[in-house]
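The structure under discussion appears below in the form of structure tokens.
The numbers here are math on the coordinates, done by the rules we state, and not lab data. These numbers were taken from a predicted model, which means no experiment stands behind them. Cβ coordinates were reconstructed from backbone atoms using ideal geometry, including for glycine residues, and neighbour counts include every protein chain displayed.
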Amino acid sequence: MACLAYSSRRAGYVRVSELDIPKKVKALLEARGFDELYPPQAEAIEAGVLDGKNLVMASPTASGKTLIAELCAVKHIVERGGKALYLTPLRALAWEKYEEFQAYSGIEKRRGGKIRVGVSTGDLDSRTSWLANYDIVITTNEKCDSLLRHRSPWMEDVSLVIADEIHLIGNDRGPTLEVAIARLRQLRPDLQILALSATIRNADEVAEWLEADWIKTDWRPVPLKEGVALSNRIIFNDGSMKRLDSLNKLDAINIAVNSVLDGGQSLIFVESRRRAQSVAREAANAIAGSHRKREQTELQKISSEIVLRGEKTSLTDNLASAVAKGAAFHHAGLSTEHRRIVERAFKAGWIKILSATPTLAAGVNLPARTAVIGSYRRFTPGYGMYPISVLEYKQMSGRAGRPQYDEYGEAVLIASSSDEQDALMENYVAGQPERLYSRLAQEAAIRGHTLAAVASDYAHTEQGIIDFFGQTFYGYHYPIGNIKLIVAAILSYLRREAMILYKRDYIYATDFGRRVSELYIDPLSAVVLRDGLRRGAEEITDLTWLHLICHIPDMRPILRPRRRDMEYLEAYLEEHRGEFACRVSDDYDYVEYEQFLGEVKTAIVLEAWIEETSESDLLEKYSVPPGDRYGAVNNADWLLYAAHELAQVLEIREHRGHLRKLRDRVRYGVTEKLLPLVRLRGIGRVRARVLYNSGYPTIASLKKASVSSLVGIPLIGPRLAKVIKEQVGGVVEEEEWKSLEKAVSEQRALTDFIEEEPREYEEPEGE
């Protein structure tokens with residue numbers, strides 16, 4: 001395939017008015033301020049991307065890749081009657097892209113109607129048939145793979161696939177993306193593929209695999225200066241040097257504060273959550289008092305919003321305190337809602353310094369004038385502190401430079417000696433990202449995809465399965481014979497565990513195997529669940545099933561036990577030994593034993609959650625911040641559902657009721673008594689407890705309650721009282737209803753949202 005790398009053509013080579021796109025789209029773009037295309041965008045147009053040609057587009061952040069994706073999607077829909085599928089690695093990115101594509105939702109299609117944009121990142125055990133009514137569908141890679149496993153009929157209508165962050169094909173979750181792309185191409189050979197990334201070294205190989213042209217450019221709307229700091233001096237790769245005022249004893253914060261006082265914003269990437277929090281605290285103190293009056297007012301509002309949203313913990317107190325002074329931290333331990341508040345405030349320019357773990361570099365788009373890589377080493381199990389990859393460094397440095405705000409961006413590493421400064425300049429600043437290689441040929445990665453190929457009727461012979469894997473990025477890179485032994489071993493395992501059966505040379509999935517594939521769990525996890533359900537325990541309790549789901553590969557990562565946890569966990573293990581549905585590990589193999597104790601800790605936290613332990617107590621007692629709690633609860637919710645479904649297909653009826661009830665308790669975080677209340681819209685775990693304690697323990701009691709009595713309960717205002725009565729029914733006097741309507745109208749004038757506790761596990765889908 002041809003390389004169309006940008007060389008010297010000037011920005012604005014192609015005007016929007018010259019593009020072969022619908023007139024209404026041109027008008028929309030011009031109204032949004034688009035006049036001339038960036039050079040990478042112009043190269044993409046010249047490559048024929050709007051004419052249906054496959055393209056790999058490797059260009060820096062903010063160079064205009066998303067606009068090309070939008071134009072391709074709209075052209076497919078309006079002029080060809082097609083359907084576009086946009087794949088992202090993260091839920092947060094999916095929702096970000098959904099909001100961006102909404103700009104086109106009013107464009108009329110050739111066959112009547114207007115473009116509809118849908119997003120789905122949740123339920124992995126569904127065909128999600130409602131997406132058939134949408135023209136642009138945005139999903140995560142895993143959701144796409146799940147839809148293919150369920151043979152969703154509308155997937156065959158997809159004419160364009162946009163694979164965002166294609167470079168992630170080289171990480172642990174990469175096999176899902178490459179298998180999904182290969183499957184989509186198998187379904188529809190004429191499929192157009194647009195693969196996007198900020199950094200791909202071997203873009204030519206990815207392009208050849210996809211039968212595509214490729215564009216690789218370093219052009220950015222905001223030039224990037226990369227450098228290494230030593231003491232109070234930064235040496236940049238363009239030969240320039242910058243002296244820093246000595247404003248803070250910590251180098252990373254000193255660089256950031258210098259940038260802020262010069263009118264910029266700074267991102268500081270650090271190696272751990274704890275470090276992110278301490279850096280944010282120090283940075284906040286360093287810039288406190290440097291804000292204008294309006295900025296300080298806005299920061300106080302944002303700080304108050306953080307305190308009011310979600311349950312109060314020391315973590316949120318620390319975040320709110322830092323934000324009030326103009327800094328913040330961002331990591332997976334924060335709740336989704338608090339992360340979004342921080343992201344919005346940073347994008348708006350109110351927060352000046354944001355310290356974050358490296359996951360932010362692969363997440364939502366948060367540019368800053370200065371990106372400081374506070375440490376180029378990360379803790380790697382088995383290796384200790386180990387240097388990051390060049391690819392990871394380039395992803396972080398690519399966040400530097402805010403379009404329309406900065407004349408240039410600065411990415412800065414920190415050295416402690418002149419020798420280290422030279423090494424960092426050579427290895428990272430002047431270094432090339434590592435080549436992308438497939439991770440598919442690992443048994444853990446390929447096991448589920450092998451079962452899915454059979455269960456979803458994509459292949460029914462061993463050779464057919466091998467031929468399919470030959471169409472993946474792995475098959476492009478390596479002789480397919482290398483994977484034959486792995487596939488043969490996996491098929492033998494699946495046959496032995498009764499997930500597949502042979503009829504001569506043909507392979508078919510059993511009911512058990514088909515359900516495992518549909519549930520989107522690892523076959524190894526399914527075997528552990530099956531054996532645990534059949535075995536049971538001496539005494540079956542909530543802990544029995546909570547630990548069983550923590551004992552399977554799909555529950556990773558589990559909550560790691562800390563040194564101070566060990567004595568307590570060992571005592572708990574001995575006290576509850578008879579409640580486990582699997583073999584209890586002993587301490588002869590310390591690694592396995594520590595893993596088991598981590599599973600026990602995760603189960604204990606889940607048990608505390610369903611006993612209504614507060615977020616604050618979970619953090620203080622178990623060192624589990626809201627984000628980790630959310631991750632554990634979200635996984636447990638899904639895996640308890642999977643266990644319930646497997647119990648049904650395996651005809652293990654005696655545990656299904658317990659599993660179903662336990663799943664609901666995990667989902668809502670309540671005791672069994674509160675389940676009827678918490679299922680009401682607008683009622684979370686806190687309000688359910690308030691209602692229960694106020695004398696309304698059942699739906700029947702709410703049905704009989706007067707509106708005025710409900711309004712008098714703490715946290716239940718007139719709008720929510722109306723919502724409750726509409727759901728539970730009951731007689732409401734006309735005068736009382738009019739009075740309530742008036743109160744609701746007055747409240748609506750003050751706020752435009754129903755006062756409702758956040759339920760992170762219920763992410764809305766659809767339009």
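Using a Förster distance of 30 angstrom, determine the FRET efficiency expected from the C-beta separation of Arg583 and Thr461, and round it to 0.05.
Details: r = 37 Å, r/R0 = 1.22.
Between Arg583 and Thr461 the formula returns 0.25.
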Starting with the fewest neighbours, write out Met566, Met499 ranked by other beta-carbon atoms found within 10 Å of each beta-carbon. Met566, Met499
How far apart, in nanometres, would the label points at Arg344 and Ser739 be if each is projected 7 angstrom from Cα along the Cα-to-Cβ direction? 3.5
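Might you report the magnitude of the Cβ-based charge dipole of the chain about its Cα centre, with Lys and Arg at +1 and Asp and Glu at -1, to the nearest 20 debye? Each step should come with its number before you reach the end.
Working: 102 positive and 110 negative charges, 283 e Å.
That gives the chain a dipole magnitude of about 1360 debye.
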Based on C-alpha coordinates, I'd like the Rg and Dmax of segment 392-544, in Å. 24.0, 69
Cα lying deepest toward the dipole's positive end in the chain, options Gly310, His551, Val25, charges on Cβ: Val25
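Shape verdict for segment 368-407, please, from the Cα gyration tensor: rounded (a/c under 1.5), prolate (a/b greater than b/c) or oblate. Don't skip to the end; give the middle numbers.
Working: a/c = 5.14, a/b = 3.25, b/c = 1.58.
Prolate, because a/c is 1.5 or more and a/b exceeds b/c.
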Let's test the formula: R0 of 51 Å, r as the Cβ-Cβ distance of Ser616 and Glu211. What FRET efficiency results, to the nearest 0.05? 0.40
Mind listing the phi-derived Karplus ³J(HN,Hα) values for segment 516-528, rounded to whole Hz, using 6.51, -1.76 and 1.60 with θ = phi - 60°, and x for any glycine or proline? 4, 5, 5, 6, 6, 10, 5, x, 5, 4, 4, 5, 5
Cα centroid separation, segment 685-718 to segment 101-118 (Å): 43
What does segment 603-716 give for Rg and for Dmax, in Å, if only its C-alpha atoms count? 16.1, 51
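I'm checking a number: the convex hull volume of the Cα atoms of segment 443-518, normalised per residue, in Å³. What is it? Before the final figure, lay out the partial values.
Working: hull volume 6.2 nm³, N = 76.
Value for segment 443-518: 82 Å³ per residue.
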Semi-axes of the equivalent ellipsoid of segment 585-636: what are they in whole Å, largest first, if each equals the square root of 5 times a C-alpha gyration tensor eigenvalue? 23, 11, 10
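If r is the Cβ-Cβ distance from Asp123 to Ser240 and R0 is 41 Å, what FRET efficiency results, to the nearest 0.05? Don't skip to the answer; put the middle values down first.
On the way: r = 53 Å, r/R0 = 1.28.
About 0.20, to the nearest 0.05.
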Can you give the extra length, in nm with one decimal, that the chain gains between Ala430 and Leu675 once fully stretched, where that is 0.36 nm per residue apart less the Cα-Cα distance? 82.4 nm
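Rounded to two decimals, what ratio of Rg to Rh does segment 224-429 give with C-alpha atoms and a Kirkwood Rh?
Numbers: Rg = 16.3 Å, Rh = 17.0 Å.
Over the Cα atoms of segment 224-429, Rg/Rh equals 0.96.
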Report relative contact order for segment 293-347 in percent, whole number only (criteria: Cα-Cα under 8 Å, sequence separation at least 6). 37
Under a crude label model (7 Å from the Cα following the beta-carbon direction), how far is Asp20 from Arg556 in nanometres? 4.8
Which of Leu224, Leu191, Pro714 sits farthest toward the positive end of the charge dipole of the chain, with +1 on the Cβ of Lys and Arg and -1 on the Cβ of Asp and Glu? Pro714
Relative contact order, percent, of the chain when contacts are C-alpha pairs under 8 Å separated by at least 6 residues? 11
What nm value, rounded to one decimal, do you get for the distance between Asp157 and Asn285 when each label is placed 7 Å out toward the C-beta? 5.9
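Taking the beta-carbon count within 10 Å as an exposure proxy, list Phe329, Phe596 from fewest neighbours to most. Display every interim value, and only then the final one.
Numbers: Phe329 30, Phe596 25.
Ascending number of Cβ neighbours within 10 Å: Phe596, Phe329.
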Contour minus Cα-Cα distance for Arg274 and Tyr437 (0.36 nm per residue): 55.4 nm
Antiparallel content of DSSP bridges confined to the chain, in %, to 5: 25
Going fewest to most other Cβ atoms within 10 Å around each Cβ, Cys550, Cys144 line up as Cys550, Cys144
Taking the alpha-carbon centroid of each part, what is the distance from segment 166-199 to segment 506-578 in angstrom? 32
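Calculated from DSSP H runs of 4 or more alone, at -39500 (n - 2.57) each and per residue, what is the 222 nm mean residue ellipticity of the chain, nearest 500?
On the way: 32 runs with 354 residues, N = 767.
The helix-only estimate for the chain comes to -14000 deg cm²/dmol at 222 nm.
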So which lysines pass the test for Lys722, namely a Cα distance under 25 Å, with those fewer than 8 places away in the same chain ruled out? Lys673, Lys703, Lys704, Lys738, Lys742
Please work out how much length the chain gains when fully extended from Glu654 to Glu295, using 0.36 nm per residue of separation minus the C-alpha to C-alpha distance, in nm with one decimal. 123.2 nm
